[in-house]
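Computed from the coordinates by the stated procedures, all read-outs in this text should not be read as laboratory data. Computed from a prediction, not measured in an experiment: that's the story for all the values here. Neighbour counts are summed over all protein chains in view; Cβ atoms, including those assigned to glycine, are modelled from backbone coordinates with ideal geometry.
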Amino acid sequence: MSIENLEQIAQAMVATGKGIIAVDESTGTIKKRFEAAGVENTEENRRAYRELLLTTPNLGEHISGAILFDETIRQKTKDGVPLVEAMKKAGIIPGIKVDKGPVPLAGFPGDVVTEGLDGLRDRLKEYAQLGAQFAKWRAVIKITEDNPSSTAIEANMHALARYAALCQEAGLVPMVEPEVLMDDAESKHDIDVSYEVHEAVLRSLFNALYEQNVMLEGTILKVSMVIPGKYAPKDAQVGPEDVAEATVRVLKSCVPATLPGIVFLSGGQSDEQATEHLNLINQMGPHPWPVSFSYGRALVAEALKIWSKDQQKNWAEAQKAVYARAQENGAAALGQWKKR
């Protein structure tokens with residue numbers, strides 16, 4: 001696939017007022033979410049839940065794409081239509097999570113590195129045949145007294161860049177996701193430390209992408225916001241304006257203007273916080289790139305709660321909740337969200 005095609009897909013992923021829904025929880029993660037909601041973690045329940053989200057009426061008005069899990073990209077709706085086909089019909093671009101998750105980084109206690117590069121070329125080829133048009137890889141950066149080490153940052157950003165190059169070779173837009181955790185059990189850092197780590201991570205990422213010949217015009221950045229740790233002392237917590245200001249500052253100092261767009265993850269924030277921060281960030285524009293969202297929990301938590309109470313009866317009501325959250329975040333992507 002030519003760079004023009006990759007550019008077009010990347011631009012469509014960050015179309016004005018639209019964002020990306022993440023429904024790529026691993027089987028372990030969705031088990032936890034289901035258990036908390038009182039839903040049995042069976043393949044059929046996972047399929048039905050993801051169908052519920054992806055076939056929400058008019059979702060394509062505010063959602064440009066969806067990140068799927070390996071199981072989901074192979075599944076069909078209850079009417080026998082491949083989910084990928086149903087998505088494309090609704091104007092939603094199919095994406096696929098391809099990393100194998102973080103494991104401890106040998107020699108660096110407390111740091112982790114994401115695995116999944118072995119055999120990735122063949123997996124990407126298969127996903128492209130199954131209809132995926134973009135892929136996602138998440139690197140996890142933990143902040144503690146001793147972490148992250150510069151080795152952990154470099155190892156993770158090198159892996160992200162190698163993954164991105166393989167994606168483009170396979171004709172898929174890479175979504176590179178360096179997540180600086182704010183809700184880890186040891187997340188006690190203030191906003192200044194969060195800023196410094198984000199800056200080091202983003203500089204390392206774009207150096208690595210450049211070294212691996214990744215075409216930025218066909219790449220999307222999914223990134224965390226500059227937020228103090230969840231368990232930081234009370235006097236280290238800050239208001240939404242401070243989060244927005246620090247986030248914009250670090251992005252403008254580290255992210256090249258050639259990038260087609262940036263989407264935020266909601267990691268650890270409440271639904272409303274994630275929307276409010278995104279809205280404020282967009283009100284501080286114009287920015288060199290579109291700034292939107294790629295939320296999981298912050299888009300679907302309410303719907304899961306409704307659906308879990310009665311899967312048949314509450315189907316339409318749960319879909320309304322998904323649509324409402326997509327609409328609110330679509331407004332925030334334009335800087336036009338109004339607090340309820």
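Among DSSP beta bridges lying fully in the chain, give the percent that are antiparallel, nearest 5.
Numbers: 4 of 34 bridges.
Of those bridges, close to 10 percent are antiparallel.
Ranked by how many other Cβ atoms sit within 10 Å of their own Cβ, fewest first, the residues 211, 276 fall in the order 211, 276. Computing Rg and Dmax of the Cα atoms in Å for the structure here picks out one of (1) 19.4, 59; (2) 24.3, 100; (3) 18.8, 54, namely (3). Screening the chain for DSSP H helices whose Cα atoms reach 20 Å or more along their own axis and whose mean Kyte hydropathy is at least 0.0 gives 150-169, 191-211, 240-254. Dipole orientation for the chain: of the candidates 29, 316, 219, 316 has the Cα lying most toward the positive pole (charges on Cβ; Lys, Arg +1; Asp, Glu -1). When only alpha carbons are used to place a centre, segment 226-244 and segment 83-161 end up 27 Å from one another.
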